[in-house]
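Every number in this text was worked out from the coordinates using simple rules, so none of it is lab data. Bear in mind that the values here come from a model prediction, so they are computed numbers and not experimental data.
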Amino acid sequence: MKALGIDIGSLTTKVVILDGNAIVSSSVVDSDDEAEVGARQAIAQALGQTEFSLDGNYYVVSTGARGKSISLNKKHKSITSCLARGIHHLFPSARMGIDIGAETGLVYKMNERGKLKDWATHDKCAAGTGVFVKQMAKLMQISMEEMSQLSFDAKTRPEISGTCAVFAESEVISHVHRDPPTPMADIAAGIYYSIVSRLMALCKRVGIEKDVVVTGGVALNKGLINILEQELGFKVLVPDTAQSIAALGAAIIAQEQIEKGA
């Protein structure tokens, strides 16, 4: 029996397959309107990289906002627990994680065994999320990669609302059209700082403790990570598979169930 973890988010669906303790395959696909359809697409893509068949014997653990709604899973676990387990597997020294998802920001702490200790989240507004970053780059008429690179040239960080995406959009527009316009690099840095300020509030709520690992698609944005590290005062760890950490954690939990004789 193989262990399969699946994280079904609002924008992407992630799958990780374990054979024992070894990661044998993974995939990331755009989420479908029907969670079941997206889940099967992600699983099929992951299996396509292996010799395993879709009819094989799998123990499936799901997580994510839409993970409960699929018929394939044996268990559903919280995103916080799965993130903590996935991070601990890759970075045993980690005691804190920051996850920047498409629509939520999450900060959590774990013990030396990867068990969740505490967490805090904001999900009331798009500000501080991946959707927000994408929206701001579109507003500035540049790619997210260009926005990231620009931020390293910033001289200042103009104030951009850290509490409301609607207010933030108005502020960015005013910076672009003022005379003289605010430099694009400064605007980019201001946008990242508005996101980081929300995350720092969550960090302080649960208590900052090293090592810190950042996950989620936005974790691959070097401009944002640069400003986060400036505010924390130390370097953070960013896994290459930053989007798939919760799916990895779900797969680890599935493997534990297999070992218990599930």
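Got a sec to turn the phi values of region 87-93 into Karplus ³J(HN,Hα) couplings, 6.51 cos²θ - 1.76 cosθ + 1.60 with θ = phi - 60°, whole Hz, x for Gly and Pro?
5, 4, 4, 8, 9, x, 7
What are the aspartates and glutamates whose alpha-carbon lies under 14 Å from the alpha-carbon of residue 2, with same-chain residues fewer than 8 places away excluded?
19, 51, 55, 256, 259
Rounded to the nearest Å, what's the spacing between the alpha carbon centres of region 78-138 and region 189-262? Just the number, please.
Centre-to-centre distance over Cα atoms comes out at 5 Å.
From Cα pairs below 8 angstrom and at least 6 apart in sequence, can you work out the relative contact order of the chain, rounded to a whole percent? Mind dumping the intermediate values first?
Working: 562 pairs, mean separation 66.5, N = 262.
About 25 percent, as a whole number.
Please tell me the relative contact order of region 70-124 in percent, rounded to the nearest whole number, where contacts are Cα pairs under 8 Å and at least six residues apart.
30
Cα extents of the chain along the three principal axes, largest first, in whole Å?
Its Cα atoms span 67, 37, 28 Å along the three principal axes.
Using a Gaussian network model on the chain with a 10 Å cutoff between Cα atoms, which of 204, 115, 68 fluctuates the most?
204
Scan around residue 9 for amide H atoms under 5 Å from its own, H built in the peptide plane at 1.01 Å from N, and keep only partners 5 or more places away or cross-chain.
HN-HN under 5 Å from residue 9: 14.
Given H placed 1.01 Å from N in the peptide plane, which residues other than close sequence neighbours of residue 117 have an amide H under 5 Å from its amide H?
Excluding prolines and chain starts, which carry no amide H, the hits are 109, 110, 111.
Using the Karplus curve 6.51 cos²θ - 1.76 cosθ + 1.60 with θ = phi - 60°, what ³J(HN,Hα) values do you get for each residue of region 63-74, in whole Hz, with x for Gly and Pro?
8, x, 4, 10, x, 5, 8, 9, 8, 7, 7, 8
Once the Cα atoms of region 223-262 are picked out, what are the Rg and Dmax in Å?
For region 223-262, the Cα-based Rg and Dmax read 16.0, 47 Å.
Mind grabbing the base-10 log of I(q)/I(0) for region 134-186 at q = 0.14, 0.16, 0.23, 0.32 Å⁻¹? Debye formula, identical points on the C-alpha positions, no solvent, two decimal places.
Log10 of I(q)/I(0), two decimals: -0.33, -0.44, -0.95, -1.39.
Student exercise: in region 94-238, how many lysine pairs 8 or more apart or on different chains have Cα atoms under 16 Å apart?
Total qualifying Lys-Lys pairs in region 94-238 comes to 9.
Any chance you could list the semi-axes, whole Å, largest first, of the equivalent ellipsoid that the Cα gyration tensor gives for region 1-87, using √(5λ)? Intermediate values should be presented prior to the final figure.
On the way: eigenvalues 63, 47, 27 Å².
Semi-axis lengths for region 1-87 are 18, 15, 12 Å.
Sort all Cα-Cα distances of region 57-207 into consecutive 10 angstrom bins from zero, then give the percent of pairs in each bin up to the one containing the longest distance.
Per 10 Å bin, starting at 0, the Cα pair percentages come out as 11, 32, 29, 20, 7, 1, 0.
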